[in-house]
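Asks: Please read through the structure below; I'll follow up with questions.
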Amino acid sequence: MSVAQDPDCIFCKIIQGKIPSRKVFEDDEMFAFHDINPWAPVHFLLIPKWHIPSMAQITEEHAPLLGRMMAKVPQLALQEGVNPYPQGGFRLVTNTGAEGGQEVHHLHWHVMGGPRPWLRG
Ligand code: 5GP
Ligand code: ZN
């Protein structure tokens, strides 16, 4: 998969290593890193390397990529220290657009978990 990036996007810069991050996982099509401002004991972001602004741009052609990303979440969540389901578990959140609470316009999934209480969420 060729990768289109936006030179003004902070998450594209994180993928390229131009902005440092605490990496959780990387392969040829996705990247995961710890959120700089965590809401929960475990809080990382999973993003496609392709610059897609949000879920609002997702169509059928993205389904295989999104499926592979979603399939990665349980493994990464356990790797980063969430407690096992069902007593543990995690939240998977995607803010979309201004009214959806999105601040960074590169598609990302928040994966949050760990013992409560959390700061937010
Ligand atoms: P949104 O509000 O768009 O769903 O979430 C954006 C998330 O990106 C926020 O939780 C914020 O803390 C995180 N974030 C913003 N800038 C950076 C950064 O430079 N590095 C890291 N690791 N996270 C960031
Ligand atoms: Zn981007």
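Computed from the coordinates by the stated procedures, all read-outs in this text should not be read as laboratory data. Bear in mind the structure is a predicted one, so any value in this text is a computation, not a measurement. A quick note on method: Cβ atoms are made from the backbone with ideal geometry, for glycine too, and the neighbour counts reach across all protein chains shown.
Asks: Could you list, in sequence order, all residues of segment 1-47 that are touching a Leu at 6+ places or on another chain (Cβ under 9 Å), near ligand 2 (Cβ under 9 Å from one of its atoms) and not aliphatic (A, V, I, L, M)?
Replies: Once the filter is applied, which keeps residues that are touching a Leu at 6+ places or on another chain (Cβ under 9 Å), near ligand 2 (Cβ under 9 Å from one of its atoms) and not aliphatic (A, V, I, L, M), segment 1-47 yields only PHE11.
Asks: Condition first: out of contact with any Cys (no Cβ under 9 Å at 6 or more places or on another chain) and either surrounded by fewer than 16 Cβ atoms within 10 Å (Cβ to Cβ) or among the aromatic types (Phe, Trp, Tyr) (or both). Now tell me which residues in segment 95-113 satisfy that.
Replies: Passing the criteria: GLY97, ALA98, GLU99, GLY100, GLY101, GLU103, TRP109.
Asks: Continuing with the same structure: Need the failing condition index for VAL82 against (1) over 13 Å from the mean Cα position of the chain (by Cα); (2) surrounded by 14 or more Cβ atoms within 10 Å (Cβ to Cβ); (3) within 16 Å of ligand 2 (Cβ to nearest atom), just the number.
Replies: Looking at each condition in turn, VAL82 falls short on (3).
Asks: Got a sec? Which strands (runs of 3 or more DSSP E) wholly within segment 1-102 have at least 3 residues that are more than 22 Å from ARG116 (Cβ to Cβ) and of a type outside the set (Gly, Ala, Ser)?
Replies: Per the criteria, 23-26, 30-34.
Asks: Which pairs turn up if I take residues in segment 96-121 that are of a type in the set (Ser, Thr, Tyr) and look for partners that are surrounded by fewer than 16 Cβ atoms within 10 Å (Cβ to Cβ) with beta carbon separation below 6 Å, at least 6 apart in sequence or on another chain?
Replies: Close Cβ pairs satisfying both conditions: THR96/ALA56.
Asks: Can you tell me which residues in segment 20-31 are surrounded by 14 or more Cβ atoms within 10 Å (Cβ to Cβ), within 11 Å of ligand 1 (Cβ to nearest atom) and farther than 17 Å from PRO74 by Cα?
Replies: Within segment 20-31, just SER21 meets the criteria.
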